[in-house]
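Report on one structure; see the data block that follows.
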Amino acid sequence: MKQSFALLAVVALLSQTFALPFVGSVNQKQHYITQLVQVPDRGNLGVDLCPTCIQFTDQAIDVLLNIILNSGVVGTCGTLCSALATKTGSQALGAVCNILCDVVGIEEFVKLLQKADLDPIYFCELLKTCAINDNGDAKITTFSVSPSSGPQGTFRIDFGYTSMNGTGTGEIVLEVMTVDGIPVESGFIHELAQAGNYTSSFSLKAQPDPNCDPSQGPCEQWIPGDYDVKIGKQLLYDKSSSKT
């Protein structure tokens, strides 16, 4: 007889606005959670640099700040971004660096990197590649897990929220409170959305990760028991008014 465990849906509503680092930079458990339906649906709006900027900055901001610190004055975008490509071994990062740096010029680009305080989303807001909504709000209205209990396998998590004022750039954070206390969470970029009702879905792979190396940290085994699932919408605001 197969042992089973239950997933208990718990809404963690974060309607206030505040800033936080991009979860992708610290999360080690992305293997388990996949976003099935993005919210909001951006549609065919042409080039959108916001997600590209956030992903780039999450990977590159530490290296860029070290290059600036060690080099002193950096003359051009090309010089800085070539150094980034060399340090990381990624020509793709160097190319995106050039695109973003050229938006504001080298002096402003360096100034914004230093001001962002290692926060990728805030940096991209300062760069104006990601939208800001200081009055953003969100109230989660529906939240369910299917099946609600069962053996190890894949579970679908659906939720909906409504916004009266629209939302700015931020993250949707999904967290599973495991029986053994090993953190399982993922953050997904949430871009500007107009006022309205929205839905999204995630897939939770509640099975041991075959690639998890126990010498590098604990590995979640998904033992039988009750698992709370929390979801939150974390919004950002323009911190420039609160920093000197």
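Look at Cys53, Cys124 and count the other Cβ atoms within 10 Å of each Cβ; fewest to most, that gives Cys53, Cys124.
Here's the picture: charge each Lys and Arg Cβ at +1 and each Asp and Glu Cβ at -1 in region 69-226, and of Ile140, Ser71, Ala193 the one pushed furthest to the positive end of that dipole is Ser71. Extension gain, Glu108 to Ser148, is 9.3 nm, computed as 0.36 nm per intervening residue step minus the present C-alpha separation.
Derived from the Cα gyration tensor, the three semi-axes of the equivalent ellipsoid of region 136-185 are 27, 15, 8 Å, largest first. Computed extension gain for Asp117 through Asn165, at 0.36 nm per residue and net of the alpha carbon distance, reaches 14.5 nm.
Under 5 Å from the amide H of Ser149 lie the amide H atoms of Leu7, each residue being 5 or more positions distant or on a separate chain, with H modelled from the backbone and absent for Pro and chain starts. Based on alpha carbons, the Rg and Dmax found for region 49-127 are 10.8, 29 Å. Taking the average, over residues, of other Cβ atoms within 10 Å as the packing measure, peptides 83-95, 142-154, 55-67 rank 55-67, 83-95, 142-154 from highest down.
Throughout, read-outs are computed from the coordinates displayed, never taken from laboratory work. Predicted model, so just to flag it, every value in this text is computed and none were measured. Positions of Cβ are generated from backbone atoms using ideal geometry, with glycine treated the same way; all protein chains shown enter the neighbour counts.
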